[in-house]
Amino acid sequence: MSPLAVVNDEVVAKKTRELLEARGVTMDDLAELVLFLQKDYFPDLTKELCIDNLEKVLAKREVQNAILTGIQLDMLAEQRMLLEPLQSMIFNDEGLYGVDEIVALSIVNVYGSIGFTNYGYIDKVKPGILKKLNDKHDHQNHTFLDDIVGAIAAAASSRLAHSKGH
Ligand code: MG
């Protein structure tokens, strides 16, 4: 795609999925996180229902935009392509650099305030794929992606919680 190509929804949606997968995040990983967040409130919750809610979250353009932006910055940091001092801040995942969390919050925001609690909790506990993304053993930089993945799971959980009983 040339830089001047007209952006179409299908291309954005497709690239979002491709990048998530290329960075090691599967729908199954995301569904596990939703199960983790909701199992106490929703004992009969199935992986299929988690995936159904994740699909709805991932279909939102603002979510896709956050994913594309965050992964792109992670990849550019990996390739040492950013200008200093941003290069070092993102590459080293510096504590004082919080833009990764802000980008992730734009995902959580989509389903209202209930998502914030889930997001804060999952970011603290770091279950499943979140632990893997934080291990820094795969030679990939996931400064943005770990927050984004937590946010996607939190947003899908909020969606589930809102739809419960309706
Ligand atoms: Mg981060």
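Readers should treat all values here as calculations from the given coordinates under stated rules, not as data from a laboratory. Please read these numbers as outputs of a predicted model, since none were measured by experiment. With ideal geometry, Cβ positions are generated from the backbone for all residues, glycine too; neighbour counts draw on all protein chains shown.
Residue 36 passes all but one of (1) part of a loop (DSSP other than H, G, I, E, B); (2) more than 13 Å from the chain's Cα centre (by Cα); which number fails?
Condition not satisfied by residue 36: (1).
From the residues in the stretch 91-113 that are among the acidic types (Asp, Glu) and touching an Asp or Glu at 6+ places or on another chain (Cβ under 7 Å), which one is nearest to the ligand (Cβ to nearest atom)? Outline the logic, then answer.
Taking the stretch 91-113 first, the residues among the acidic types (Asp, Glu) are 93-94, 100-101.
The next check asks that each one be touching an Asp or Glu at 6+ places or on another chain (Cβ under 7 Å); those that pass are 100-101.
Values: 100: 4, 101: 6 Å.
So, considering only residues that are among the acidic types (Asp, Glu) and touching an Asp or Glu at 6+ places or on another chain (Cβ under 7 Å), the one nearest to the ligand (Cβ to nearest atom) is 100.
Considering each of 136, 124, 131, 47 in turn, give the residue that is within 16 Å of the ligand (Cβ to nearest atom) and over 21 Å from residue 19 (Cβ atoms).
Every option except 124 fails the conditions.
Count, please, the residues in the stretch 127-149 that happen to be more than 20 Å from residue 91 (Cβ to Cβ) and touching a residue at least 24 places away in the same chain (Cβ under 8 Å).
Within the stretch 127-149, residues that are more than 20 Å from residue 91 (Cβ to Cβ) and touching a residue at least 24 places away in the same chain (Cβ under 8 Å) number 3.
If you scan the stretch 80-101, which residues turn out to be exposed (fewer than 12 other Cβ atoms within 10 Å of the Cβ) and over 29 Å from residue 154 (Cα atoms)?
Those that are exposed (fewer than 12 other Cβ atoms within 10 Å of the Cβ) and over 29 Å from residue 154 (Cα atoms): 80, 81, 83, 84, 85.
Counting just the residues of the stretch 1-53 that are surrounded by 19 or more Cβ atoms within 10 Å (Cβ to Cβ) and without any contact (Cβ under 8 Å) to a residue 40 or more places away in the chain, which one comes out nearest to residue 69 (Cα to Cα)?
Per the stated criteria, the residue is 31.
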